[in-house]
Amino acid sequence: MALNISVKVHPVVLFQIVDAYERRNADSHRVIGTLLGTSDKGVVEVTNCFCVPHKEHADQVEAELNYAMDVYELNRRVNSSESIVGWWATGNEVTNHSSVIHEYYSRECREPVHVTLDTSLAGGRMGLRAYVCVPLGVPNGKQGCMFTPVDVTLTCYEPEIVGLQVCQKTVSGGGRGSSGVAAGSDLAQVMSAASSLESLLEQALQYADGAAAGAPADAEAGRALLQLAHSAPDLAKDTFSDAFASSVKDLLMVVTLAQLIKTQLQLNEKLTLLTSQ
């Protein structure tokens, strides 16, 4: 197995793992499940997962494999692009039973990955790790395997970023008894994004001015800022204002047409109900 693979995990997967851990049986110390996603050119992207009920004994592991296959088939009906890419487990280490479980997933997919999430918060953090199983042994002799760590990162779709930002607001909400946090209107989100962008631009300008004045600077950060500056279109202020105003008008037109279509559909539904009575 090649060790130059990388694993990208979406936030919804972490939420599902934590939810499964919170809903576990009282006598269960570890929860396992199946990872769903895509694998292409050495990059495994995990977009979904589900829990597999199991029991671990001293010398064996009992898992409800029929339940796992039924849930996988149901998920395939909803999203046919997601396939089995590996399995997950809670905890901060690989146990003796991991090789047995990994052997099963090796039959379900090619080169499965193993992801662990430390729900015990050892060290004050929810550690996320990924492994691949490398076979060991000598020819015509005893064979074994070793779990080797690989790179794992978090990745997000744009809607997931909006959801995470809303969830972040609940951190300082005052506990479970506080009221919920609303997503806010589109205009409020645009204003918040513009304010955040302005703050980031001010920080970038202060960093660039400090570097020009002789303050210690990072070469990688400088290259990133240079690439960002070259990616911005070279437009005059009046030209940019006209293009922005035109885009806003197009957006408002689309919103107006959508509202008209929605109103017509609601009116048609009410007229249909009146005529059918």
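Read-outs: derived from the displayed coordinates by stated rules, not from any lab. Fair warning: this is a prediction, and the values are worked out from it, not measured in the lab. Positions of Cβ are backbone-derived with ideal geometry, glycine not excepted, and every protein chain shown enters the neighbour counts.
Give the residue from Pro233, Ser83, Thr275 lying farthest towards the positive end of the charge dipole for the chain; charges sit on Cβ (+1 for Lys and Arg, -1 for Asp and Glu) and the dipole is referred to the Cα centre.
Most positive-ward Cα: Thr275.
Sticking to Cα atoms, compute the Rg of region 183-231 to one decimal and its Dmax as the biggest Cα-Cα distance, whole number, in Å.
Cα only, region 183-231: 14.3, 44 Å (Rg, Dmax).
Assign unit charges at the C-beta atoms only (+1 for Lys and Arg, -1 for Asp and Glu), then state the dipole size of region 6-158 relative to its Cα centre in Debye, rounded to the nearest 20.
So the magnitude is around 220 debye.
Using only Cα atoms, locate the centre of region 128-166 and the centre of region 108-126, then give the distance between them in Å, rounded to an integer.
Each part's Cα centre sits 8 Å from the other's.
Enter the angle in degrees (range 0 to 90, nearest 10) between the Cα long axis of helix 98-108 and the first principal axis of the Cα atoms of the chain, meaning the one along which they spread out most.
70
Given the peptides 138-144, 117-123, arrange them by the average over their residues of other C-beta atoms within 10 Å, most packed first.
The packing order, highest mean first, is 117-123, 138-144.
Might you report the magnitude of the Cβ-based charge dipole of the chain about its Cα centre, with Lys and Arg at +1 and Asp and Glu at -1, to the nearest 20 debye?
With only Lys, Arg, Asp and Glu charged at Cβ, the dipole is about 420 debye.
So between Val181 and Val43, what do we pick up on full extension, going 0.36 nm a residue minus the alpha carbon distance?
Difference between extended and current length: 46.1 nm.
Rounded, prolate or oblate for region 33-131? Axes are the square roots of the Cα gyration tensor eigenvalues, ordered a ≥ b ≥ c, and the cut-off for rounded is a/c under 1.5.
oblate
Once you charge only the Cβ atoms, +1 for Lys and Arg and -1 for Asp and Glu, what is the size of the charge dipole of region 233-276 about its Cα centre, to the nearest 20 debye?
That gives region 233-276 a dipole magnitude of about 300 debye.
Working from Cα positions, state the angle (0 to 90°, nearest 10) between the long axis of helix 158-169 and the longest principal axis of the chain.
Compared with the principal axis, the helix lies near 90 degrees.
Using the basic label-point model (7 angstrom from Cα toward the beta carbon), what is the Ser81 to Ala211 distance in nanometres?
3.6
Give the Debye-formula value of log10 I(q)/I(0) at each listed q (0.09, 0.11, 0.12, 0.16 Å⁻¹), with one equal scatterer per alpha carbon of the chain, two decimals each.
Log-scaled intensity ratios, in q order: -0.70, -0.94, -1.02, -1.28.
Lysines near Lys8 by alpha-carbon distance under 29 Å, same-chain residues fewer than 8 away left out - which ones?
Qualifying lysines at Cα under 29 Å: Lys41, Lys55, Lys169.
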